[in-house]
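Working notes, beginning with the structure itself.
The values are calculated or read from the model by the stated rules, or taken from the named source; none is laboratory data. The structure displayed is predicted, hence computed values, not measured ones. Heads up, the Cβs are rebuilt from the backbone with ideal geometry, glycines too, and the neighbour counts pull from every protein chain shown. We work out accessible area using only protein heavy atoms, side chains counted, and drop any ligands, DNA or RNA first. Shrake-Rupley method; radii C 1.70, N 1.55, O 1.52, S 1.80 Å.
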Amino acid sequence: MAATNGTHGAHGAHGTHGSTAPTAPTAPSAPSALAAIAAFASDELPGGTVDAVVIGGGAAGLNGALMLGRSRRSVVVVDSGTPRNAPAHGVHGLLGHDGIAPAELLRKGREEVRGYGGLVVTGEVASAAPAAPAPDGDPRFTITLTDGRTVTARRVLVATGLRDVLPDVPGLAAHWGHGVVHCPYCHGWEVRDEPIGVLAVGPASVHHALLFRQLTDDLVYFSRGTELDEETRARFAARGITVVDGPVEEVVTDGHGAIAGVRLGDGTVVARRILAVATLMQARAEGLAGLALPTEELPGGMGRRFATGMAGTTDVPGVWVAGNATDLTAQVGASAAGGAMAGAHLNADLVAADTDAALAAAGSTRTSA
């Protein structure tokens, strides 16, 4: 299998975490986009204890930090600068920002967080774990970066994003984010009317194919050994979707570096310009084992997420999760909204703790008087 990167602050940007499939090369990210993000300035990691550390600086993490900063909370965002959407030319379906370059959206987000006193630190988290609580029982967490730096936080927001795991088809990963797409809402308009091929990975691919059929009249479904019942084949035929059974050997590249087609097991090349594939989505969890966050597998082989309740709450007191790490199918806008909600609830939890501490202190003062 091959995996792409996701915006995160946890250690281990590459690989196929949680997959038992053979290891394969990591799909390349866009060099120019990553270079732009790597050039972002990094704040110094503060000493002492901060109100919150946000692990991951994508849309969810930055919007969570923004809400905390606006609530006058001391907040540190730790981000590795390897966003999931780096290969994409633009972010789509985001009202008011449709088409904005991913790097530009992150730049603006960091600027806004810093405008409210938040810090954004470039780095990867090697470990995150509970520490000894404060004397009044308020939680504490120690976040350790791969370079050995540490920061202590009262609360933690995990916004590490996810990793897309691609089928292990030779030539596929090289086109990820350009000729190979996964989301009809993120990329569909840009590939409309092209000859599109859907590489099946399981039951979810049937729905995937029908969504992409909305965008083109020329769609080929490569079943790759997955089961298709007669009803599904009839529905495909009614929509003019061609089904090609049998193994897929490789994705063929033309002389200009674009997709030329798909080579089948018998050597036949089916001409295609775009390939759509429903990726296996895995929440990025490297460096987070110490938090003991519960995870769960989603139905239909979609992938694994951190299990959360309302507003990103978890079974671990003091820890929230937002964005694609818990909502695997969320687009940028939904991830940002999830981060904002988690940040607001995290602040409310801190307000309650601060009030409890103030009440205890007032009672102690009255008693001593």
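Some observations on this one:
- Region 106-134 residues that are free of Cβ contacts under 8 Å to residues at least 60 places away in the same chain, paired with ones that are open to solvent by 20 Å² or more (accessible area, probe 1.4 Å) and part of a strand (DSSP E or B) (beta carbon under 6 Å, 6 or more apart): A131/R140; A131/T142; P133/R140
- Test: residue in region 175-194 that is touching a residue at least 40 places away in the same chain (Cβ under 8 Å), surrounded by 17 or more Cβ atoms within 10 Å (Cβ to Cβ), small (G, A, S) and closer than 17 Å to G303 by Cβ: no
- Residue in region 147-156 that is open to solvent by less than 30 Å² (accessible area, probe 1.4 Å), modelled with pLDDT of 95 or more, in contact with a helix residue (DSSP H, G or I) (Cβ under 6 Å, 6 or more places away or on another chain) and charged (D, E, K, R) present: yes
- Of the residues contained in region 327-334, one or more are found to be buried (at least 22 other Cβ atoms within 10 Å of the Cβ), part of a helix (DSSP H, G or I) and on the phi < 0 side of the Ramachandran plot.
- Scanning region 206-230 for residues that are farther than 20 Å from A271 by Cβ and surrounded by 13 or more Cβ atoms within 10 Å (Cβ to Cβ) turns up V206, H208, L210, L211, T226, L228.
- Residue match in region 340-348 (condition: under 19 Å from the mean Cα position of the chain (by Cα), within 19 Å of V77 (Cα to Cα) and either open to solvent by 60 Å² or more (accessible area, probe 1.4 Å) or without any contact (Cβ under 8 Å) to a residue 24 or more places away in the chain (or both)): yes
- Scanning region 236-251 for residues that are surrounded by 16 or more Cβ atoms within 10 Å (Cβ to Cβ) and under 17 Å from R273 (Cβ atoms) gives I241, V244, V248, V251.
- For region 272-312, the strands (runs of 3 or more DSSP E) that sit wholly inside it and include 3 or more residues that are without any contact (Cβ under 8 Å) to a residue 40 or more places away in the chain are 295-298.
- Meets criteria (open to solvent by 10 Å² or more (accessible area, probe 1.4 Å), within 25 Å of T295 (Cβ to Cβ) and of a type in the set (K, R)) for R233: no
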